[in-house]
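Structure first, commentary second.
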Amino acid sequence: MENLIDIGLNLMHPSFRKNRESIIEDAIDEGVSKFIITGTNVKASQIACEYASNYPGTLYSTSGVHPHDAKTCDDHTLLELEKIAKNDCVIAIGECGLDYNRDFSPRDVQRKWFEKQVELAENLDMPLFLHEREAHKDLYDILKKHEDVCEKSVVHCFTGTKQEAQNYIDLGCCIGVTGWICDMERGSDLQDAVSVIPTNKLMIETDAPFLIPKNFDKKPKSNKNEPKYLPHILKTIAHYKNDYNVEKLAKEVTKTTKDFFKI
């Protein structure tokens, strides 16, 4: 299994500070060839961009503001995101969206700055890297107003129901699946939902260092997720997609990802 792409890696997280290069090298040894570093605010997006630019063809990044940080946004924020997005290694606007699980920013503020980032992606003709937690209807309704961008949107770290997955797919969105599917308790909805996600709308990711898979035969010494576990996530997805052939699934989701991000 080779050439997998991790579409969601928090490589600049402090827990990776001392060994970022070895984290990538270990993943490459396991068949992961490309990685997208997630930007969650202006500063994080700039740092991710600067780091990714040192590894062309291997590391890429996004430029956006996570809904948790929506309360910090102003018009200058959008100008900064646009400036970052014009770098060659930046391949999507995001991580942006709505999070009604924690509500770290007021919901009306989240909606305002999410839609501003949707418009930015439209203006720059770039993909959207989306975050949605317990906010399916509102996110769907905003995307519905911007149908041209839906075909260029991926719902990162999807954790919803089969019907919610189908709703996003009907809009034209892709779905990103993490190790959440490996959790027998929290992941039951996702285990059911992957059956309706066609491989031309499916991408895979770790969201490392978060969401370490819970179904390892032997638990890793560290409780920290890493991109080297992406093949394990892929195999779990294949299992819940009616025991889909793993090698075939790997080729198909990799093609989906390359075509989507043009990498």
Counting only residues in the range 194-227 that are at pLDDT 95 or above and of a type in the set (Asp, Glu), the one surrounded by the most Cβ atoms within 10 Å (Cβ to Cβ) is identified as GLU205
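Yes/no matrix, rows are residues, columns are (1) buried (at least 21 other Cβ atoms within 10 Å of the Cβ); (2) of a type in the set (A, V, I, L, M, F, W, C); (3) not in a strand (DSSP E or B):
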site: PHE35; (1), (2), (3): yes, yes, no
site: GLY39; (1), (2), (3): yes, no, yes
site: SER61; (1), (2), (3): yes, no, no
site: LYS71; (1), (2), (3): no, no, yes
site: GLY97; (1), (2), (3): yes, no, no
Picked from the range 147-177 (must be in a helix (DSSP H, G or I) and of a type in the set (Val, Ile, Thr)), the residue surrounded by the most Cβ atoms within 10 Å (Cβ to Cβ) is VAL149
So, first residue touching a residue at least 60 places away in the same chain (Cβ under 8 Å) in the range 144-160, second residue assigned to a loop (DSSP other than H, G, I, E, B) and surrounded by fewer than 20 Cβ atoms within 10 Å (Cβ to Cβ), Cβ within less than 9 Å, six or more apart or across chains; the pairs are LYS152/ASP125; LYS152/GLY172; CYS157/PHE210
Sole miss for GLN110 among (1) surrounded by 15 or more Cβ atoms within 10 Å (Cβ to Cβ); (2) within 28 Å of LYS262 (Cβ to Cβ) is condition (2)
Reported set for the range 133-146 where residues are part of a loop (DSSP other than H, G, I, E, B), touching a strand residue (DSSP E or B) at 6+ places or on another chain (Cβ under 8 Å) and not small (Gly, Ala, Ser) is GLU134
Flagged pairs (Cβ under 7 angstrom, 6 or more apart or on separate chains; first in the range 209-229, within 19 Å of HIS13 (Cβ to Cβ); second assigned to a loop (DSSP other than H, G, I, E, B) and small (Gly, Ala, Ser)) are ASN225/ALA208; GLU226/ALA208; PRO227/ALA208
All-but-one check, ALA92 against (1) assigned to a helix (DSSP H, G or I); (2) under 16 Å from the mean Cα position of the chain (by Cα); (3) not basic (Lys, Arg), failing number (1)
Scanning the range 10-20 residue by residue, those without any contact (Cβ under 8 Å) to a residue 60 or more places away in the chain and either at positive phi or in a helix (DSSP H, G or I) (or both) turn out to be PRO14, ARG20
When restricted to ILE23, ILE47, ILE7, the only residue crowded, with 23+ Cβ neighbours inside 10 Å, among the β-branched types (Val, Ile, Thr) and touching a residue at least 24 places away in the same chain (Cβ under 8 Å) is ILE7
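The values are calculated or read from the model by the stated rules, or taken from the named source; none is laboratory data. The model shown is predicted, which means the values in this text are computed figures rather than measured ones. Methodologically, a virtual Cβ is constructed for each residue, glycine included, from the backbone with ideal geometry; neighbour enumeration extends over all protein chains shown.
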